[in-house]
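The values are calculated or read from the model by the stated rules, or taken from the named source; none is laboratory data. This structure is a prediction, so every number in the text was calculated from the model and none was measured. Don't worry about glycine lacking a Cβ; one is built from the backbone with ideal geometry, like all the others, and counts go over all protein chains shown. Heavy atoms of the whole protein, side chains included, go into the accessibility calculation; ligands, DNA and RNA do not. Shrake-Rupley method; radii C 1.70, N 1.55, O 1.52, S 1.80 Å.
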Amino acid sequence: MSRPVVYLLPHEDRRLGAGHLWVFSNEIDTHRSPLGSFAPGDPVVLADARGRRLGMGYINPHSLITVRLLSRDPGSEIDARFFHDRFERAFAVRRPFGIERFGRLVFGESDRLPGLVVDRYGDYLVVQITTAGMERWREVIRDALVGSCAPRGILYRNDSDARKLEGLPAGVEEAWGTVPQSVTVEEGGRVFAVSPWRGQKTGWYYDQREHRLRIAREAPRGRVLDVFSYVGGFGISALAGGSQEAVLIDQSEEALERARSNAAANGLPAPRTLAGDAFEILRALGEDEERFELVIVDPPAFIKRRKDQREGLLAYERLVTRAARLVASGGWLVFASCSSHLEARDFRGVFARGVRRAGREARIVSVGGQGPDHPIHPWIPETSYLQVLYGVIEEG
Ligand code: SAH
């Protein structure tokens with residue numbers, strides 16, 4: 001097969017040589033390979049300035065990340081076999097952790113499948129394609145998944161913002177079999193019903209799995225406050241671990257309704273649910289002098305782009321302050337960030353300042369990240385995004 005060649009400028013092959021998978025637009029020799037000659041998603045061969053073939057990938061001439069490498073073999077056929085092989089490797093990485101049936105099976109770049117995410121909910125798969133390049137193989141991907149996992153249904157959850165930037169249409173559709181409105185996640189002996197069609201992302205946040213398990217195992221008992229609770233993952237895990245009472249905050253009434261039925265499905269006491277803006281509700285709870293032995297704060301990303309940095313840091317700090325006020329002395333504040341542009345040092349700084357502004361003292365007893373089904377690509381910092389601080393909060 002003859003594929004068009006994208007030539008890099010002199011020395012711009014270094015990062016790829018070191019293990020990265022991306023080529024930025026300013027690294028391409030646009031005289032030799034004019035970007036106008038490519039359509040979004042075209043498969044291309046990559047070559048360095050001397051013409052040495054480095055591998056193959058796909059291009060989007062309108063994207064800052066212009067080429068993403070799929071294979072270091074420039075002649076690689078991208079067919080069901082290619083995907084099957086990549087899937088098998090991804091499964092093998094997850095198998096020792098026992099997360100093949102309920103977990104993320106494919107995490108984009110980290111599994112050398114840029115633009116593709118696959119989450120597994122037992123017999124069902126939920127797929128997100130985020131680039132024009134991956135979109136070219138959507139049927140091939142479906143066939144390879146059917147071959148590798150024999151699922152009862154595959155849902156293409158193609159409604160992410162990233163698709164708009166790639167000029168791709170948004171839509172949610174069954175690509176194979178049927179997928180029910182509600183599927184069940186099994187985690188640590190608990191069950192959680194989630195909606196793959198309408199829920200956040202693909203329906204569930206597998207990246208926090210280890211932290212929910214840990215909360216069930218080790219966190220202080222008493223009252224638990226789960227802020228940004230979604231369908232109750234943390235609060236219900238705490239109840240299962242022995243917390244007597246849970247309060248859940250989320251702006252989505254639909255998520256809270258699921259949280260209440262999830263608690264019941266696990267034979268646990270009904271949580272109190274507060275629908276609305278978490279910042280406001282935390283302030284109100286503070287004014288009422290409520291106290292909790294365990295407060296978990298797992299907000300959406302406040303720093304999605306570098307330019308959100310200032311505002312984002314302030315939002316995190318404000319949340320820490322309002323949450324820290326509510327922690328009983330000796331209790332835990334578990335605080336998470338899923339902003340990939342937030343450096344660990346800045347996150348700790350925000351945590352420290354927020355706690356001080358609440359007039360409290362903190363010790364960080366543990367620092368965690370995403371689980372092994374969200375592996376980190378060692379050369380792509382963007383693949384490392386989840387940070388979780390476990391702080392013990394005391395009187396100032
Ligand atoms: N802790 C959850 C995941 C949280 S996802 C788990 O482990 O499964 C983030 C949640 O924050 C979403 O459910 C969203 O509805 C909610 N949310 C976003 N902004 C909010 C706000 N300002 N106030 C309250 N909830 C908010």
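Quick notes
- Leading residue by the ranking (least open to solvent (accessible area, probe 1.4 Å)) among those in segment 257-272 that are within 15 Å of the ligand (Cβ to nearest atom) and part of a loop (DSSP other than H, G, I, E, B): Pro271
- When the criteria are applied in full, Val185 meets the requirement of being touching a residue at least 60 places away in the same chain (Cβ under 8 Å), open to solvent by less than 30 Å² (accessible area, probe 1.4 Å) and either within 27 Å of Leu333 (Cα to Cα) or away from the ligand (no atom under 12 Å from the Cβ) (or both).
- From Ala284, Ala301, Ala275, residue being touching an Asp or Glu at 6+ places or on another chain (Cβ under 7 Å) and surrounded by fewer than 17 Cβ atoms within 10 Å (Cβ to Cβ): Ala275
- Odd one out for Thr202, checked against (1) assigned by TED's automatic domain parsing to the domain that holds Ala323; (2) within 16 Å of the ligand (Cβ to nearest atom); (3) open to solvent by 10 Å² or more (accessible area, probe 1.4 Å): (3)
- For segment 6-30, a residue qualifies if it is buried (at least 20 other Cβ atoms within 10 Å of the Cβ) and in a helix (DSSP H, G or I), and exactly one does: Leu16.
- Condition met for Gln208 (within 16 Å of the ligand (Cβ to nearest atom) and modelled with pLDDT under 95): no
Listed here are the residues, each with its yes/no results for (1) free of Cβ contacts under 8 Å to residues at least 24 places away in the same chain; (2) over 21 Å from Asp85 (Cα atoms).
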residue	(1), (2)
Arg120	no, no
Glu135	no, no
Arg138	no, no
Arg142	no, no
Arg157	no, yes
Ser160	no, yes
Glu166	no, yes
Gly171	yes, yes
Glu174	yes, yes
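- Residue among Glu254, Glu218, Glu245 that is open to solvent by 30 Å² or more (accessible area, probe 1.4 Å) and under 23 Å from the mean Cα position of the chain (by Cα): Glu254
- Matching residues in segment 276-291 - criterion: being under 28 Å from the mean Cα position of the chain (by Cα) and closer than 17 Å to Phe234 by Cβ: Ala278, Ile281, Leu282
- Subset of segment 46-84 (residues that are under 27 Å from Tyr206 (Cβ atoms), in a strand (DSSP E or B) and open to solvent by 20 Å² or more (accessible area, probe 1.4 Å)): Ile65, Arg68
- Check on Ile215, modelled with pLDDT of 95 or more, within 12 Å of the ligand (Cβ to nearest atom), more than 17 Å from Ala275 (Cα to Cα) and not hydroxyl-bearing (Ser, Thr, Tyr): yes
- Screening Phe87 with (1) in a strand (DSSP E or B); (2) open to solvent by less than 20 Å² (accessible area, probe 1.4 Å) gives one miss only, at (1).
- Selected residue [among the hydrophobic types (A, V, I, L, M, F, W, C), within 13 Å of the ligand (Cβ to nearest atom) and assigned to a loop (DSSP other than H, G, I, E, B)] from Val231, Val224: Val231
- Checking Gln208 against (1) under 18 Å from the mean Cα position of the chain (by Cα); (2) surrounded by fewer than 16 Cβ atoms within 10 Å (Cβ to Cβ), the condition it does not meet: (2)
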